[in-house]
Amino acid sequence: MQPDRIQKEAVLRVGEVSAVTGRRVFVSVDTDKNLSELFFDGDILRNIAVGSYVDIRKGFLSLIGRVEGENAQAEDRKPSILSYLSGQRTLTVALVGFIDGTGKFFGGTKELPLVGNEAFLLTKEKVEQVHDLTGNATLSLDIAKSEYEGFHIALPVDGLINSHIAIFGNTGSGKSNTLAMVYQEFIAKMRQRNEAAFIANCRVLMFDFNNEYTGDNCLTPHKVVMKLSTRNDDGDKIPLPGGINEIEILSILADATEKTQKPFFKRVLALQQRIMAGADPIGHLRNTVRLQIKQILQMSDKIRADLLIDFLRQVLPEVDAAGNPAELAGDLEWHNQSAEFKCNNVFLKSHPEGIEDTFVYSHVDQLVFGNDTIADLILFGYVQLIYDVLSNRAQNEHIAPAINKLRSKQADIRRVFDPAADGDIFAASNVVVIALGNVNLEMKKTIPLLIAKKVYEDHKKRGPGHSLNLVIDEAHNILSQESFREAESWKDYRLETFEEIIKEGRKFGVFVTISSQRPNDISQTITSQAHNYFIHRLINHKDLQAIANAVSYIDQITEESIPTLPTGTCIFSGMAGQMPLKLTIKPLDEQLKPKSATLQFSEIVPSV
């Protein structure tokens, strides 16, 4: 051994292994290694301490461990005043991996050390080998530093971006900066590499629930921001080239149940298609309604007849030809003894020819449609519902809620969707942010579901060689399993849709990134399907338990540090790394940051 190498190893030596118990290794520290820092080859090395790495030499193999704790005596000895006075320390080390003869780091345990093996501090070169996540990859994202040593850490594009990512952390923990930093760097690197290919083959769609990522330069200056609003008509509108006359889109908008209401809407669309296919659609529809009126006015069941007349009020115009309010049953009377309607003293069941003289029958002449896609669908929905009730095919209490839901949403639908627009949301840019900050709570659940499902189905038709990254900020808004504002069956449908995307999407080049401050609220299926995790500060016990259940390869020491992580620091763990790493994500420049800063009273109330 060369003299300079002997000297270097003497400086770096920490001590030697004194005991081995499973993966836990005990290292007795030399008494002259109690300083906080060491100078080595012009670098300042932090001396051995809890949280740092140690290199245990076993032959030509370097076993890498992380210090989990230290004591002034070995665990199998009683405390001794002499041990404290003499400065003897015993480290408890957990093995995390090894460096082979080629200098490459591998996570996991290959061999255990022997008692007497020497332990050394890691040089800067070896620390970088341990934190080298990119290997021979040509594409990497330089977005972080190691929290303990302060070395730059690059994350591989292949292994991170082509995976499902989960970013968790309480408000103010830095998760928004992490999400923005990851995609800011990814988009910039890909555009720099081959802008034309990136635009043609890669798409990024973000659902921004609080309008945090709408800044001109946030994520990329080349994005399109669609600022939706249900408060007024000033917001952008999402193009729906096929209109809402598709069963999946219509079912989502109406919150339709799978087994009852969705088949009903299939019949509605089939009825509309039949009528629209004729030479005179309006005449066809009017004759259809006239036939229904004849059946209704000959019924002996007053309760059902009144119900169906209420449905006719939703089909026929509210005013007559003169502009006066139209009361469909104004000239009708019910005769209890004969159980039938009469008009102008003519019993309509006994004399059905008299039905043509009723106001409701003549008012059909005012029926028109075709001016509004949503209103037309509602109209055809009631016509089909009348058919179904007359034929005892459906019960009103099972079907009417879906039509009523569509009616209640029609103003919101008109404000956020444009069924007449051509093209898709990626027409102007391959990076699109859907800003939902001015959208009401009900539509906040509907819009991401509808768009994600449509974009996912459209992407599968594009074939191989194309990618789609769905980014869901504040994911608990739509992926929560604890929502009480919707029917259980509809909540299941919403979760199943996103679970299908996250479980099956990878094979089609679809990758999901979720960010949330409440991992416990999110479906466990979705949380557990993530490949890579950025875990910022979490305090709630249920959230910590959800992380422990989903990320099984986080060790106890790392898990226990999560509630005390500083802002901007996170635990990175997943397939892109060999072992969990504590990283400090680099802060973005002010003009690139999302709008998530905490309000400062010293700024809004300046001193005088």
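In the stretch 288-310 there is at least one residue that is more than 30 Å from residue 249 (Cβ to Cβ), buried (at least 19 other Cβ atoms within 10 Å of the Cβ) and in contact with a Ser or Thr (Cβ under 9 Å, 6 or more places away or on another chain).
Kindly provide the set of residues from the stretch 300-315 that are in contact with a strand residue (DSSP E or B) (Cβ under 8 Å, 6 or more places away or on another chain) and either over 17 Å from residue 394 (Cα atoms) or among the polar types (S, T, N, Q) (or both), ordered by number.
Within the stretch 300-315, 300, 302 meet the criteria.
Under the condition of being in contact with a Leu (Cβ under 8 Å, 6 or more places away or on another chain) and over 25 Å from residue 511 (Cβ atoms), the residues counted in the stretch 123-169 number 6. Does the stretch 173-190 contain at least one residue that is part of a loop (DSSP other than H, G, I, E, B) and not acidic (Asp, Glu)? Checked the stretch 173-190: at least one residue is part of a loop (DSSP other than H, G, I, E, B) and not acidic (Asp, Glu). For residue 178, the conditions (1) of a type outside the set (D, E, K, R); (2) open to solvent by 10 Å² or more (accessible area, probe 1.4 Å); (3) under 30 Å from residue 595 (Cβ atoms); (4) touching a residue at least 40 places away in the same chain (Cβ under 8 Å) all hold with the exception of (2). Among residues of the stretch 313-346 being of a type in the set (S, T, N, Q) and more than 56 Å from the chain's Cα centre (by Cα), the one that is least open to solvent (accessible area, probe 1.4 Å) is 338.
Listed by first and then second residue, the pairs with beta-carbon distance under 6 Å, at least 6 apart or on different chains, first residue in the stretch 490-509 and in a loop (DSSP other than H, G, I, E, B), second of a type in the set (Ser, Thr, Tyr) and modelled with pLDDT of 90 or more, are 509/467. Of the helices (runs of 4 or more DSSP H) contained entirely in the stretch 64-160, those carrying at least 2 residues that are open to solvent by less than 20 Å² (accessible area, probe 1.4 Å), on the phi < 0 side of the Ramachandran plot and at pLDDT 75 or above fall at 124-130, 157-160.
Here residue 194 fulfils each of the conditions (1) in contact (Cβ under 8 Å) with a residue 12 or more places away in the chain; (2) surrounded by fewer than 19 Cβ atoms within 10 Å (Cβ to Cβ) apart from (1).
Among the residues making up the stretch 363-421, those that are of a type in the set (A, V, I, L, M), surrounded by fewer than 18 Cβ atoms within 10 Å (Cβ to Cβ) and assigned to a helix (DSSP H, G or I) are 375, 390, 411.
Yes or no: residue 412 of a type in the set (Asp, Glu), under 18 Å from residue 253 (Cβ atoms) and touching a residue at least 24 places away in the same chain (Cβ under 8 Å)? Yes; evaluated as a whole, the condition is true for this residue.
If you take the residues of the stretch 551-576 that are part of a helix (DSSP H, G or I) and buried (at least 20 other Cβ atoms within 10 Å of the Cβ), which of them is modelled with the highest pLDDT? Ranking the candidates gives 562 first. Among residues of the stretch 594-608 that are within 29 Å of residue 473 (Cα to Cα), those with a Cβ under 6 angstrom from a residue that is of a type in the set (Phe, Trp, Tyr) and open to solvent by less than 100 Å² (accessible area, probe 1.4 Å), sequence gap 6+ or separate chain, pair up as 594/213. If you scan the stretch 242-256, which residues turn out to be closer than 19 Å to residue 370 by Cα and either assigned to a loop (DSSP other than H, G, I, E, B) or hydroxyl-bearing (Ser, Thr, Tyr) (or both)? Passing the criteria: 242, 243, 244, 245, 246.
If you go through the stretch 197-219 and keep only what is β-branched (Val, Ile, Thr), open to solvent by 10 Å² or more (accessible area, probe 1.4 Å) and closer than 15 Å to residue 427 by Cα, you end up with just 199.
The values are calculated or read from the model by the stated rules, or taken from the named source; none is laboratory data. Predicted model only: the values in this text are computed from it and were never measured. Cβ sites come from the backbone with ideal geometry, for glycine too, and all protein chains shown count toward neighbours. Side chains are part of the model used for accessible areas, which takes the heavy atoms of the whole protein and leaves out ligands, DNA and RNA. Shrake-Rupley method; radii C 1.70, N 1.55, O 1.52, S 1.80 Å.
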